[in-house]
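*Asks:* Below are the structure tokens for one structure; questions will follow.
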Amino acid sequence: QVQLVESGGGLVQAGGSLRLSCAASGRTFSSYAMGWFRQAPGKEREFVAAISWSSAITYYTANVKGRFTISRDNAKNTVYLQMNSLKPDDTALYYCAARQTAIPPQTPRYDYWGQGTQVTVSS
């Protein structure tokens with residue numbers, strides 16, 4: 001079992017930055033691929049970014065490439081999402097997710113999910 005707790009969300013003006021964190025319980029965190037997803041009101045949950053256990057593989061959805069960076073610290077059981085140049089369209093509830101697999105999925109095929117942290121970007 002893996003429990004995930006997100007933090008770092010908040011209200012920010014367009015053009016600003018936030019860093020989300022996802023703290024994971026469990027001793028095998030380093031064997032899990034991790035992903036970030038987001039869901040805006042009235043929309044489906046969408047993939048944002050993912051990272052393999054070794055950080056060798058990262059994926060991003062097209063509209064965050066160059067603005068968001070996913071990283072992880074296996075010693076701290078934590079995955080991060082650095083978000084720069086935020087836009088109002090980035091407003092959503094952000095979730096992290098975990099799956100014990102070598103290649104991080106870019107779809108919601110994850111086994112464990114956090115409760116989410118709200119990101120609101122004002123124009």
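The values are calculated or read from the model by the stated rules, or taken from the named source; none is laboratory data. No experiment lies behind these values; they were computed from the predicted model shown. As a convention, Cβ positions derive from the backbone with ideal geometry for all residues, glycine included, and neighbour counts pool all protein chains shown. What goes into the accessible areas is simple: the full protein's heavy atoms, side chains included, and nothing from ligands, DNA or RNA. Shrake-Rupley method; radii C 1.70, N 1.55, O 1.52, S 1.80 Å.
*Asks:* I'm trying to understand the selection: among the residues of region 1-13, which are assigned to a loop (DSSP other than H, G, I, E, B) and either open to solvent by 60 Å² or more (accessible area, probe 1.4 Å) or acidic (Asp, Glu) (or both)?
*Replies:* Gln1, Gln3
*Asks:* Condition test on Gln106, is it in a strand (DSSP E or B), in contact with a strand residue (DSSP E or B) (Cβ under 9 Å, 6 or more places away or on another chain) and open to solvent by 40 Å² or more (accessible area, probe 1.4 Å)?
*Replies:* When the stated conditions are applied, Gln106 does not pass them.
*Asks:* While we're here: Are any residues in region 29-44 within 13 Å of Tyr95 (Cβ to Cβ) and surrounded by fewer than 17 Cβ atoms within 10 Å (Cβ to Cβ), and if so, which ones?
*Replies:* Within region 29-44, Gln39, Ala40, Glu44 qualify.
*Asks:* Now for a different question. Look at Ala75 and say whether it is in a strand (DSSP E or B) and either buried (at least 17 other Cβ atoms within 10 Å of the Cβ) or aliphatic (A, V, I, L, M) (or both).
*Replies:* no
*Asks:* Name the one entry in Gly66, Gly26, Gly16 that is open to solvent by 40 Å² or more (accessible area, probe 1.4 Å), of a type outside the set (Phe, Trp, Tyr) and outside any strand (DSSP E or B).
*Replies:* On inspection, the qualifying residue turns out to be Gly66.
*Asks:* Given the structure, is Ala56 of a type in the set (A, V, I, L, M, F, W, C), surrounded by fewer than 14 Cβ atoms within 10 Å (Cβ to Cβ), free of Cβ contacts under 8 Å to residues at least 12 places away in the same chain and not in a loop (DSSP other than H, G, I, E, B)?
*Replies:* no
*Asks:* Can you spot a residue in region 86-101 that is assigned to a loop (DSSP other than H, G, I, E, B), of a type in the set (Gly, Ala, Ser) and surrounded by 14 or more Cβ atoms within 10 Å (Cβ to Cβ)?
*Replies:* For region 86-101, residues assigned to a loop (DSSP other than H, G, I, E, B), of a type in the set (Gly, Ala, Ser) and surrounded by 14 or more Cβ atoms within 10 Å (Cβ to Cβ): absent.
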